[in-house]
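The values are calculated or read from the model by the stated rules, or taken from the named source; none is laboratory data. Being a predicted model, the structure only gives us computed values, none of them experimental. Because the Cβ atoms are built from the backbone with ideal geometry, glycine has one as well, and the counts that use them run over all protein chains shown.
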Amino acid sequence: MKNLIEENERIDDLEFKGLKIIQKNNGFCFGIDSVLLSDFAKEIKNNSNVIDLGTGTGILSILLSGKTNLKKIYGIEIQKDIANMAQRSVKLNKLEDKIEIINTDIKKLRDIFEINTFDSIVTNPPYKNQDTGKVNENEYKYISRHETTANLSDFIKISVQLLKDKGSFYMVHRPERLIDIIYELRSHKLEPKNIKFVYSNKEKEPKLVLIKAVKNANTFLKVEKPLFVYNQDGSYTDEILRIYNKI
């Protein structure tokens, strides 16, 4: 295990089926958004081939490997150092037969994969436009949070190209980008089917939105019951405890 860890890195226990992940001490660490997306997408059919666009530390791919019976998931990450770390996390969990990390730009995936071949795509993309938000962040965090190397449209364009007909697309994003998201999805023949808003608590505005879309599907949108992260006393809600495998 020691030879998988580099300087300024640590191993975190995901507290789910013994899974673990390597993260940088001063880098961008996974948050609740990836955990919630893995739960939202756990309905992915058995024996599916899946792509995780912008996998980062590999958290989404690793969690999905434990929550589903997928055949293979390819984690795509543009940052070389982060992709290397994700690959070491895959080895740490002995998941090489299920997960393959590929260090490349998502806009170059047509050179690697054939079109119309994947059953599902999952993504936790950068939320912020390139010229918004704080800029005094380290490079890893900035690229993870801002659309510096690919924007929302790029993520959706490549997804519809790689998905099979009626293939499913799962995304977590920010509610303030919802109009852009729905516009891009429909413009590229990915029909929004399920939306779930995530709130810190019942007194707050939604912080995240989970979206499922299906390629070339009929129009029908279901807005699911909201998810609240905290009770009024600051404790986790039962639904969050269930997602974190605490109850």
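With the structure loaded, tell me whether Tyr127 is among the aromatic types (Phe, Trp, Tyr), closer than 23 Å to Gly31 by Cβ, crowded, with 16+ Cβ neighbours inside 10 Å and modelled with pLDDT under 95 or whether it fails that test.
Yes, satisfied.
Among residues of region 228-240 that are farther than 13 Å from Lys202 by Cβ, those with a beta-carbon under 9 Å from a residue that is exposed (fewer than 12 other Cβ atoms within 10 Å of the Cβ) and of a type outside the set (A, V, I, L, M, F, W, C) at least six positions away or on a different chain give the pairs Tyr236/Lys246; Ile240/Lys246. Looking at Glu191, Glu203, Glu176, Glu184, just one residue is acidic (Asp, Glu) and under 19 Å from Gly31 (Cβ atoms), and that residue is Glu176.
Screening Asp97, Asp81 for residues that are surrounded by fewer than 19 Cβ atoms within 10 Å (Cβ to Cβ) and part of a helix (DSSP H, G or I) leaves exactly one candidate, Asp81. Would a scan of region 203-210 turn up a residue that is basic (Lys, Arg), in contact (Cβ under 8 Å) with a residue 40 or more places away in the chain and not in a loop (DSSP other than H, G, I, E, B)? No.
For region 20-54, a residue qualifies if it is in a loop (DSSP other than H, G, I, E, B), farther than 24 Å from Val209 by Cβ and modelled with pLDDT of 95 or more, and the qualifying residues are Asn46, Asn47.
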